[in-house]
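Enquirer: Below you will find the structure I want to go over with you.
Just so you know, all these numbers are worked out from the coordinates, no wet-lab data involved. Predicted model, so just to flag it, every value in this text is computed and none were measured. A quick note on method: Cβ atoms are made from the backbone with ideal geometry, for glycine too, and the neighbour counts reach across all protein chains shown.
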Amino acid sequence: LNDMSLIDPMYQFSLDAYINLFMLSIAKSKQAYSLRVEERINNLNDYHTYSVYRYTCRGLFEAHKLLLSFQMCVKILEVAGKLNMDEYNIFLRGIVVRNTQTSCDLDHNYNELKKMVIVRFLRQDRVSFCITSFIIKNLGPRFVEPPVLDMKAVVEESTSCSPLIFVLSPGVDPTGSLLQLAKASGMSHQFSALSLGQGQAPIKLCCDFPGHWVFLANCHLSLSWMPELDKLIKELPVQNPEPNFRLWLSSSPHPDFPITILQAGIKMTTEPPKVHKHHCKHENLPQFNRCTKGRLYKKLLYALCFFHSILLERKKFRQMGWNIIYGFNDSDFEVSENLLCLYLDKYEEIPWDALKYLIAGVNYGGHVTDEWDRRLLTTYINDYFCEGGPLSSFQEHINTLPATEHPEVFGEHPNADIASQIAETRTLFETLLSLQPQHTGTAATGAGARPKDAGNSGFIKNTRTLTSYCVDSTSVSVLQAYPSLKPLAAWTRDLSQRVDQFARWAEKVQPPVLFWLSGFTFPNGFLTAVLQFTARQHNVSAHRRLCVPFLSVSSLIQDGVYVKGLYLEGAGWDRKNSCLVEADHLLKCVDLCNDAIVISTPSPRAVSFPSVGMYLCPCYYFPVRAGKDGRPAFVVAIELKSGAVSPDHWVKRGTALLLSLDN
């Protein structure tokens with residue numbers, strides 16, 4: 001449990017709390033005079049192991065609950081001598097450690113761990129499923145099904161001297177749930193809340209609010225007062241507060257939050273529910289009959305729940321989901337729901353345009369700063385808000401939804417889900433490695449002492465020399481180089497090719513027929529120059545957003561350039577018909593680098609909206625679509641034929657062109 005603090009500073013656990021949990025396990029675990037000592041110990045271990053898991057899960061974010069189960073499973077098997085540490089190190093690090101005493105024989109006798117090693121090398125997107133199966137086989141299915149937070153049970157378990165701490169996550173405010181709990185517990189008239197920050201801080205707790213529930217929100221905004229709060233909490237046992245007194249705190253994760261408060265309190269994480277089944281149940285369905293136009297209101301309320309949950313969960317697809325991650329929250333839903341009820345009651349005919357604009361353009365759109373994300377938001381609201389039955393029919397439909405969301409629900413391709421799972425797997429391995437004991441000296445983890453050899457020593461020496469040279473000689477130059485996400489070897493090759501392109505251009509004096517667009521440090525400047533040249537030829541203004549059609553190489557152009565060096569992400573490319581198609585399975589990007597294509601500039605009128613059947617595709621400098629180091633990634637908008645589907649299909653897919661990759 002102490003290792004968990006390396007993952008998040010809010011994951012702090014005290015020995016006193018663990019001892020209390022152990023004593024509780026002794027009291028509540030199955031016991032009878034007829035049991036033998038071995039059976040009694042087994043029952044106690046089984047009950048206590050799950051109690052620790054349940055107690056700890058309550059204060060962990062969803063992303064770390066599977067990691068906790070796996071760590072517990074590995075530690076238990078290691079102590080019992082049932083885990084081959086050499087195999088485990090191969091699985092963890094992805095490399096075979098030299099001079100290991102026991103080789104990992106993968107030809108026969110496939111145990112669960114060896115299968116995980118194979119999957120780790122071949123299909124990283126399936127590692128989390130293998131880990132889940134491994135935990136179920138060794139500990140049972142309940143260790144992969146985190147218990148739902150029961151705040152009423154937490155209150156009963158707590159005492160008047162132990163604070164109850166909400167660890168906040170973006171988009172969730174526990175105040176509403178806490179008020180409902182206070183009302184259900186008969187404490188609504190003895191509930192006092194104070195939002196910290198701007199110099200606000202109470203002087204006393206139980207003395208000023210005897211028998212009350214005191215809620216201090218946003219403690220991370222008043223860190224300077226936290227030492228004083230720590231003293232007040234330590235004085236609570238001396239002041240002997242009334243049994244009904246409870247101190248509630250909420251704070252975003254922060255490394256300076258007092259560890260003693262975290263260890264003394266009961267922690268609860270707040271996160272938005274998962275999409276569809278859980279989230280649609282979570283929203284304001286109890287208010288299903290509040291509007292006079294019940295039939296339309298029910299249908300639109302369900303659509304709003306669906307819309308809200310899609311926006312929240314789409315972030316798991318990373319760059320394929322949103323260019324920038326936004327903090328959509330419950331308040332956005334509540335305001336939108338009130339607008340929906342108000343407009344339906346006020347107008348005879350539903351003002352669709354006004355509703356869509358207020359909900360997607362103003363309320364949710366107020367968070368959105370990227371114009372391509374705004375287009376996605378508009379696409380979703382147009383899909384879901386259109387011209388129900390009773391509440392039970394909606395609940396029955398919600399219950400039929402799968403527990404695991406398919407990427408098609410979001411309009412995404414399965415490849416986007418695979419890329420998301422690979423990223424999660426890499427994060428999982430990085431976190432697991434950070435929890436491993438740090439060894440020093442010449443000992444290698446899991447392999448014993450490693451002998452020195454001349455080859456390794458020479459390599460290390462030369463590497464240090466090269467590193468020293470790079471740091472001492474080129475640190476300023478590296479900071480001034482063009483932005484790139486490539487590793488060093490690929491970046492060096494890319495740099496060499498860029499130099500070659502401009503050297504040939506300078507040698508021939510004339511510009512090349514085929515431009516390598518990815519080779520420009522500022523491709524926007526090149527494209528703007530092409531637009532200005534066209535504008536001068538046709539005597540029109542060049543002050544417009546550059547939006548160009550994408551044509552096949554066979555097209556004859558009068559105004560435009562031949563370019564190469566593009567990658568297509570989120571879709572496939574039909575070279576015969578020059579249109580978008582669905583991407584092949586497991587193929588993240590389509591390489592168009594060797595295709596000579598034509599970017600034709602608009603003449604003489606501007607292209608401000610895509611033509612019919614054309615998808616206006618954004619082109620980015622590199623995969624981080626939000627930009628990096630203060631430089632925007634967006635380059636130009638290019639029209640692509642949408643093929644057999646509507647352009648909105650590719651908007652949901654997150655389809656984009658890239659000038660460079662990260663590998």
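Enquirer: In nanometres, what is the gap between the two model label sites at residue 42 and residue 497, each 7 Å from Cα along Cα-to-Cβ?
Expert: Here the modelled spin labels are 6.3 nm apart.
Enquirer: How many percent of DSSP beta bridges within region 151-269 run antiparallel, rounded to 5?
Expert: Numbers: 1 of 18 bridges.
Percent antiparallel among DSSP bridges in region 151-269 is about 5.
Enquirer: Along the Cα→Cβ direction, 7 angstrom out, place labels at residue 252 and residue 158. What is the inter-label distance in nm?
Expert: Each label point lies 7 Å from its Cα, and together they span 2.2 nm.
Enquirer: Considering only Cα-Cα distances, which of the following residue pairs are longer than 19 Å: 293/346; 82/114; 316/356; 316/652?
Expert: From the list (293/346; 82/114; 316/356; 316/652), the Cα-Cα distance tops 19 Å for 316/356.
Enquirer: Between region 212-253 and region 481-497, what's the alpha-carbon centroid distance in Å?
Expert: Result: 52 Å between the Cα centres.
Enquirer: Neighbouring Cβ atoms within 10 Å as the yardstick, rank 528, 269 fewest first. Kindly include the intermediate steps, with their values, before the conclusion.
Expert: Working: 528 14, 269 24.
Ordered from fewest to most neighbouring Cβ atoms within 10 Å, 528, 269 come out as 528, 269.
Enquirer: Could you put 72, 23 in order, starting from the residue whose Cβ has the fewest other Cβ atoms within 10 Å?
Expert: Details: 72 20, 23 10.
Placing the least packed residue first, the sequence is 23, 72.
Enquirer: In what sequence do 372, 505 fall when counting other Cβ within 10 Å, fewest first? Intermediate values should be presented prior to the final figure.
Expert: Numbers: 372 21, 505 13.
So the ranking, lowest neighbour count to highest, is 505, 372.
Enquirer: Residue 643's amide H: which non-local residues (gap 5+, or another chain) put their own amide H closer than 5 Å, with H modeled 1.01 Å from N in plane and none for Pro or chain starts?
Expert: Here the answer is 580, since their amide H atoms fall under 5 Å of that of residue 643.
Enquirer: Now for a separate question. Hey, which of these cross-link pairs are over 32 Å Cα-Cα: 28/137; 65/234; 137/234?
Expert: 137/234
Enquirer: Then there is this: Hey, what do the phi angles of region 58-64 turn into as Karplus ³J(HN,Hα) couplings, whole Hz, using 6.51/-1.76/1.60 and θ = phi - 60°, x for Gly and Pro?
Expert: Taking θ as phi minus 60°, the curve returns 4, x, 10, 6, 4, 5, 10 Hz for region 58-64.
Enquirer: Work out the FRET efficiency for residue 63 and residue 111 from their Cβ-Cβ distance, taking R0 = 41 Å, and round it to the nearest 0.05.
Expert: Numbers: r = 28 Å, r/R0 = 0.68.
Efficiency, rounded to the nearest 0.05: 0.90.
Enquirer: So, R0 is 56 Å and r is the distance between the beta-carbons of residue 585 and residue 506; what FRET efficiency does that work out to, to 0.05? Present the calculation step by step, with values, prior to reporting the outcome.
Expert: Working: r = 44 Å, r/R0 = 0.79.
My answer for the efficiency is 0.80.
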